[in-house]
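Below is one structure, written out as structure tokens; comments come after it.
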Amino acid sequence: MTMTMEFERIRGVKAAPLPEMYTSGHRTCQGCDSALNCRYVAKAAGPRSIVLGATGCMYVANTSYYSTPWAIPWMHTQLGATGSAVLGVAVSLKVQMRKGKIKNEPINVIGIGGDGGVADMGLSAVSATLTWPEYDSLIVMYDNESYANTGVQVSCQTPYGAHTTFSPVGTVKPIMHKRWKKNTAAMMAAGHPECRYVASACTAYPVDLMNKVRRALSISGPTFVAILCPCPKGWDFDPRYSHEMGEMACKSGMWANWEMEDGKLTFQTPTSGIIKGMVQRMPVADYLLRQGRFDHLRKEDFDHIQKQLDKIWGEWGIPAILPFKVAEGELA
Amino acid sequence: MAVYAVEITNRGVYQYNLGRRISRDVVLAARKMGRVGVAFGRYSDSPERNGIPMKWFAVIAENNDELEEQMAKYYPEVVDAAIVLDDTLLKGVESWSWDGLHPVNERVKEKGVMIVVSDQSHDELLKDVHTKDLPYKLITIPGEASFSGMWIIRDDKSEARIMGALAAALPDMISPDAVQQIFKDKADQDAAARAAKQMVTRVVEPGEGNPAEPYRYELPVWQDLTEYGIAVVGMGKGGGYHGGKEGYEPTRSTTFRKHLSRTFRPMTNFDACTQTRDCWLNCPDEAYNVTPDGFFETDYGACSGCGKCAEVCPEKIIVMVPESEFEDEASVYEMWKKDKAAYKKFFDEKSAKGWFAGQLVGPHGYVRKGQYEEEIKKKGIK
């Protein structure tokens, strides 16, 4: 029946399309990369798209008091319902096209949820959507590493040691959040055999991000893209550095840029350089020391995080993605 | 292709089980004739309330494909037979979660039947039943309405009698034989056969009945919700620079401008600009217009002054100048375009008070560990 949209690959900043499908009118913070992420996703997807947004910053800040930045249709969904809403809209479009009630043409269905809406509360619905190969949809997670909208509470995407409302810093116990960040994109890629495309990107690399969104939309069936969006409010840094912060997250190995298409895994800048050993990972302390949320960390804490990262990049079955490998002697 | 639909209207809870059993009996009888069917209640009646009218449906088709096509509807639009289990329901149905008053015969199709359990005469009944544009048959089965409760059934053979009458009225849909087969009890079989003889039929001509207009109200559609801000008109898709054909200018919000977030504003040194586009692409507030000659003009109405453009510019030619230096939001691009020498003077004057990329005099907060202590020490605050 319907086919997915064909897109031209964006080659460089100068080839980025001009039209804004997500424009001004959003009440986000200065330097908000989550809003920038919405702009990139909408820009890459183009005018024939429908966006479903879970509760979160990108719902509240985008729809307050008669304002909207969206030039394409957008609808709010419940915090845990990103996956269900996306699937429902994709099914509905397919049925209406089959019955001839609407024109048979490719329409992008995109669900945008935060780390709370996708990796925490909405996980089951997103996971369920990724098991329906006959409906074309894209779920985008903008990962700002906390429930930033409600006042920066811990989510399962919050990195080890971060200061949040739920992990206040004390003098005796400076670190109250001791869980390691969940690797949601890798979980989606590993756990959904019929999901043909999963990618991980960062707003500091906009061309890569937009190409990943386009690739995801042009592939049939459900797709998933996780995007790291530095949050000046929750991470506590000067908003002018949100681009640099994203770059440092990738260069230090706290985030990895990769894509999995039909079972083939590839890495993108700057992760590809790290994987190939052409670039050294920058010391993670350089990244952490630039953020107020890690201001309380001591020397031994930086060492601990660095050690964990060295393990993730040096010992994992697939660096930064798969923590295990087959034990020696198990395979013939 | 033969598709049949039956609707059963009953009093909520008192006749809940009777209505449900009849709808299932219709399907069972159809299966005896080699057809398929499905019996279901109206979703919006659930949960049922004592006394409040409610409905059950049975849909019958020749094969599964036909049945599935019918099931795509919320419930049948027209029915071959409407069964009314209590004659007081003839005044109309006002469901607890439905709009206005709906006549009991609303969905009966042309030459369809309406079966009512009642001791009243047809003329008495037609005083209540709303008029219809199509002719249909009104059938009465003498007897009182059978009321029971949520759990215990009153076994007064109403179920069998209605099934018997339905088969007699529409033998193509379910045959009397099939009805005899679904009842195992001899008393039920007799009651069904007896009802076929007891029932009284009369054709109701168009216009016959209660002429009163059933009350309705206008349901809001989604466009009406714009009034309450639940649905908001989307933004425009933008166009050429200042309405022209070249360049690009996104649509700006008329309800929220964001410019009051600003403590510093960016100023571009257009003379040194190499048009790398990074300021435009990295702006989280879509504040940059693309001019026809390929420059990037800040819209000071949309700019929140985060300073990202100054940081990402590879040429480091964007300066963040304190907002207090400016009186208005006039475009500096236009100033530059008009008089480049005057703009250079203006830019040098303003940029002396601002900061370029990489200068660690941050206006908005945390830059690195120990920064605040250093600043306080430097200023000599104790």
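Within the stretch B:44-132, the trypsin sites (Lys or Arg not before Pro) that combine a DSSP coil assignment with at most 16 other C-beta atoms in a 10 angstrom radius are B:49, B:73, B:127. Computed across the stretch A:13-314, the Kirkwood radius stands at 19.5 Å (inverse of mean 1/r, all Cα pairs). Taking other residues whose beta carbon is less than 13 angstrom from the beta carbon of residue A:279, and scoring Lys, Arg as +1 and Asp, Glu as -1, yields +2.
Considering only the stretch A:174-332, what is the antiparallel percent among its DSSP beta bridges, to the nearest 5?
Working: 9 of 15 bridges.
In the stretch A:174-332, DSSP labels about 60 percent of beta bridges as antiparallel.
Which trypsin sites (Lys or Arg not before Pro) does the stretch B:196-236 hold that lie in a coil by DSSP with at most 13 other beta carbons within 10 Å?
Numbers: sites: B:197, B:202, B:216; in loops: B:216.
Filter output for the stretch B:196-236: B:216.
Remark on chain B: B:273, B:283, B:303, B:306, B:313 stand apart, with no other cysteine beta carbon under 4.7 Å.
Working note: Cα gyration tensor of the stretch B:220-319, eigenvalues times five, square-rooted, sorted largest first, giving semi-axes of 31, 17, 10 Å.
Counting only other chains, and only Cβ atoms inside 10 Å, what mean value do you get across the residues of A:200-209?
Working: counts 0, 0, 0, 2, 2, 0, 3, 1, 0, 0.
Taking the mean over all residues of the peptide, I get 1.
Counted over the protein assembly as shown, the DSSP beta bridges are approximately 50% antiparallel.
Averaged over its residues, how many other protein chain Cβ atoms are within 10 Å of peptide A:230-239's Cβ atoms? Each step should come with its number before you reach the end.
Values: counts 0, 0, 6, 1, 0, 1, 2, 6, 13, 12.
Average neighbour count from other chains, rounded to a whole number: 4.
Across the stretch A:156-266, the convex hull enclosing all Cα atoms gives 113 Å³ per residue.
Highest average first, the peptides A:201-213, B:168-180, A:110-122, B:367-379 ordered by how many other beta carbon atoms sit within 10 Å of their residues are A:110-122, A:201-213, B:168-180, B:367-379. Radius of gyration (Cα atoms) of the stretch B:117-256, expressed as a multiple of 2.2 N^0.38 Å: 2.06. In terms of overall dimensions, the C-alpha atoms belonging to chain B reach 107, 52, 40 Å along their principal axes, ordered largest to smallest. DSSP beta bridges confined to chain B are antiparallel in about 70 percent of cases. The long axis of helix A:242-252 is offset from the longest Cα principal axis of chain A by roughly 60 degrees.
Subtracting the Cα-Cα distance of residue B:316 and residue B:98 from their residue separation scaled by 0.36 nm leaves 72.0 nm.
In loop segments of the stretch A:294-332 as defined by DSSP, the chymotrypsin sites (Phe, Trp or Tyr not before Pro) with at most 11 further C-beta atoms inside 10 Å of their C-beta are A:324.
Legend: mean number of C-beta atoms from other chains within 10 angstrom of residue C-beta atoms, peptide A:242-251, equals 2.
Here the stretch A:11-46 is scanned for amide nitrogen atoms under 16 Å from the site 7 Å beyond the Cα of residue B:245 along Cα-to-Cβ, giving none. For the stretch B:8-84, the fraction of alpha-carbon pairs lying more than 15 Å apart is 54 percent, rounded to a whole number. A simple spin-label model places the labels of residue A:311 and residue B:200 8.9 nm from each other, with each point 7 Å out along Cα-to-Cβ.
Just the projected area, averaged over all directions, of the convex hull on the alpha carbon atoms of the stretch B:3-204: how many nm²?
Details: hull surface 41.2 nm².
For the stretch B:3-204, the mean projected area of the Cα convex hull comes to 10.3 nm².
Relative to the 2.2 N^0.38 Å rule of thumb, the stretch A:1-134 has a C-alpha radius of gyration ratio of 1.09. Rounded to the nearest 500, the 222 nm mean residue ellipticity of the protein assembly as shown from helices alone is -8500 deg cm²/dmol, with -39,500 (n - 2.57) taken per DSSP H run of at least 4 residues. Residue A:12 sits among other residues whose Cβ lies under 13 Å from its own Cβ, and their net charge, with Lys and Arg +1 and Asp and Glu -1, is +1. A convex hull fitted around the alpha carbon atoms of the protein assembly as shown yields 240 Å³ per residue. From the alpha carbon centroid of the stretch B:43-87 to that of the stretch A:44-94 is 35 Å. Within the set of other residues whose C-beta is less than 12 Å from the C-beta of residue B:48, count the net charge using Lys and Arg as +1 and Asp and Glu as -1. Here the count lands on +4.
Using 0.36 nm per residue of separation minus the Cα-Cα distance, give me the extension gain between residue A:65 and residue A:190 in nm, one decimal. Please list the in-between numbers first.
On the way: separation 125, 0.36 × 125 = 45.00 nm, distance 4.10 nm.
Full extension from residue A:65 to residue A:190 adds 40.9 nm.
A short reminder: the numbers here are calculations on the coordinates, not readings from a lab. In this text the structure is predicted, and so the values were computed from the model without any measurement. Because the Cβ atoms are built from the backbone with ideal geometry, glycine has one as well, and the counts that use them run over all protein chains shown.
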